Each structure stands twice: as structure tokens, then as C-alpha cells.
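The values are calculated or read from the model by the stated rules, or taken from the named source; none is laboratory data. Nothing here was measured: the structure is a model prediction, and the numbers come from that model. Here the Cβ positions follow ideal geometry from the backbone for every residue, glycine too, while neighbour counts run over all protein chains shown. Side chains are part of the model used for accessible areas, which takes the heavy atoms of the whole protein and leaves out ligands, DNA and RNA. Shrake-Rupley method; radii C 1.70, N 1.55, O 1.52, S 1.80 Å.
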Amino acid sequence: MIDAVRTATFGLLAASRQFDANAGRIARAGTGPGSDEPDLATAAADLVSARLQVRLNAAILGAADDATKRLLDIRA
């Protein structure tokens, strides 16, 4: 169970970083002289991907929590 929690936690952290990076790219679009325009479609798709990664990793954490509760109930 600990491996599932650790993996999901790292996945949540990676998704959070991906979301922050792409949100920053979108926020900086068109600001500053001579700034390179980011590909907004790709950045938006990456935001959706990060959101899905968060949902999946949260589901893994929930499943690991449920499994732990069941194991504790069996041992009780």
C-alpha cells in the first residue's frame, strides 16, 4: 500500500508542476516586447492532461486508503 501512496503522491506533485508551468505559459502569452508566443492549444491540452493526472492519482490514493481500511478491518 505504501508504494501506491508514494507513487500517487509523486504523480500529484508532477501534475501540479505541469499545471503550474502551462498556466504560467498561458498567462505570459503576449506580454513583453518581442516575446515568443507559446502554442496556446498545446498549453491548454497540457492543462487538461494535468487535471486528468490529478484525478487519476487521487483515485489511486482513494483505492489505497480503502484497501488499507479493509486490511485493518480484517485484522481487527
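Residues satisfying the criterion are absent from segment 26-35 (criterion: open to solvent by less than 60 Å² (accessible area, probe 1.4 Å), in contact (Cβ under 8 Å) with a residue 60 or more places away in the chain and polar (S, T, N, Q)).
Every residue, every condition in (1) at pLDDT 95 or above; (2) part of a helix (DSSP H, G or I), yes or no:
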| residue | (1), (2) |
| --- | --- |
| 3 | no, yes |
| 31 | no, no |
| 38 | no, no |
| 53 | yes, yes |
| 74 | no, yes |
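If you filter segment 3-15 down to residues that are surrounded by 14 or more Cβ atoms within 10 Å (Cβ to Cβ) and out of contact with any Leu (no Cβ under 9 Å at 6 or more places or on another chain), you find that the one that is nearest to residue 60 (Cα to Cα) is 7. Among residues belonging to segment 40-76 that are within 19 Å of the chain's Cα centre (by Cα) and acidic (Asp, Glu), point out the one that is nearest to residue 5 (Cα to Cα). Per the criteria, the residue is 65. Looking only at segment 1-20, residues that are under 16 Å from residue 65 (Cα atoms) and of a type in the set (Lys, Arg) come to 1 in all.
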